1. Run through the stretch 229-261 and list the trypsin sites (Lys or Arg not before Pro) located in a DSSP loop whose Cβ has at most 13 other Cβ atoms within 10 Å.
2. How much FRET efficiency would the formula 1/(1 + (r/R0)^6) give for residue 107 and residue 221, where r is the Cβ-Cβ distance and R0 is 45 Å, rounded to 0.05?
3. When the C-alpha atoms of the stretch 139-262 are aligned to their principal axes, what extent does each axis show, in angstrom, from largest down?
4. Divide the volume of the convex hull of the Cα atoms of the stretch 29-116 by its number of residues and quote the answer in cubic angstrom per residue.
5. Can you tell me the convex hull volume per residue for the stretch 53-175, based on C-alpha atoms, in Å³ to the nearest whole number?
6. If contacts are Cα pairs under 8 angstrom and at least 6 residues apart, what is the relative contact order of the chain in percent?
7. Residue 134 to residue 44: extension gain in nm, 0.36 nm per residue of separation minus the Cα-Cα distance?
8. If you take the Cα atoms of the chain, find Rg, then find the Kirkwood Rh from the mean of 1/r over all pairs, what is Rg/Rh?
Amino acid sequence: MFQIIDGKKISQEIKEELKEKVAKDKAEGKEISLAVIQVGNDPASSVYVRNKKNACAYIGINSLSYELAEDTTEEELLSLICKLNEDNKVNGILVQLPLPKHINEEKVIQTIDPKKDVDGFHVQNVGALCVGSEGYVSCTPLGIITLLKRSGIEISGKNCVVIGRSNIVGKPMALLLLRENGTVTVCHSKTEDIKEITKQADILVVAIGKPKFVDETFVKEGAVVVDVGIHRNAENKLCGDVDFERVAPHTSAITPVPGGVGPMTIAMLMNNCVQSAERSV
């Protein structure tokens, strides 16, 4: 029988731990503030921003909301970020992606002070992850490592395969698994004989962005499968990059969609905010 890795339950445990920590900080007169910037009103972005604000409110982090018009110029956005960089009361800065096409996302990300880059996207933080220095780690990969550890799944010495090589998930995921002493392979759109590689995986992380791309023919019996994808199917129901019904019986543990990786991303964002406040003392 396979284990369903419960991201909702584990993320709630983390939020409770952070809530306690923030309450202690407040009792000592220390406040934590996260600035959240959204440009335009993309419906999916609005949902994510609302979830982040709700998590802040629950834990006790001050949420500073900047909702900018779709036609906000790049210069105006960069000016706001620079102002927040200089504000000692702001511990973390988050710019909700994607941005409108007329704004250069990379330029925006690199303008955020690395010490306030709680998303972990700045090149300085990515570089720190590469060499093992202190920095912020991208929230989704960090959430996956935390899920595995808190579910009692051993990473050290295991064959780990990541499908996907994005800067936000695939690449940092591979680096984190390597940091945990996994033996790591990254597969992508140009990988030949992909199933032959994924079937060697003790831990398979799927972040390819294609609904139900992975079926049981990709998976070794007894593997741990982590599904990062989130999509809506023809019936408007949420599904992942993994065909859960077909894959789950062949695994020892698997994350569901929804309720797996998703809740952990926000929990790790909150964790990075709290860390930011601790580091700035």
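The numbers here are math on the coordinates, done by the rules we state, and not lab data. Remember, predicted model here, so these are calculated numbers, not experimental data. Positions of Cβ are generated from backbone atoms using ideal geometry, with glycine treated the same way; all protein chains shown enter the neighbour counts.
1. Values: sites: 232, 237, 246; in loops: 237.
Passing both the DSSP loop test and the Cβ count: 237.
2. It comes to 0.45.
3. Per principal axis, max minus min of the Cα coordinates gives 41, 30, 29 Å.
4. Normalising the Cα hull of the stretch 29-116 by residue number yields 83 Å³.
5. Working: hull volume 16.7 nm³, N = 123.
In the stretch 53-175, the Cα hull volume divided by residue count equals 135 Å³.
6. On the way: 541 pairs, mean separation 60.2, N = 281.
21 percent.
7. Numbers: separation 90, 0.36 × 90 = 32.40 nm, distance 3.17 nm.
Roughly 29.2 nm would be gained on extension.
8. 0.97
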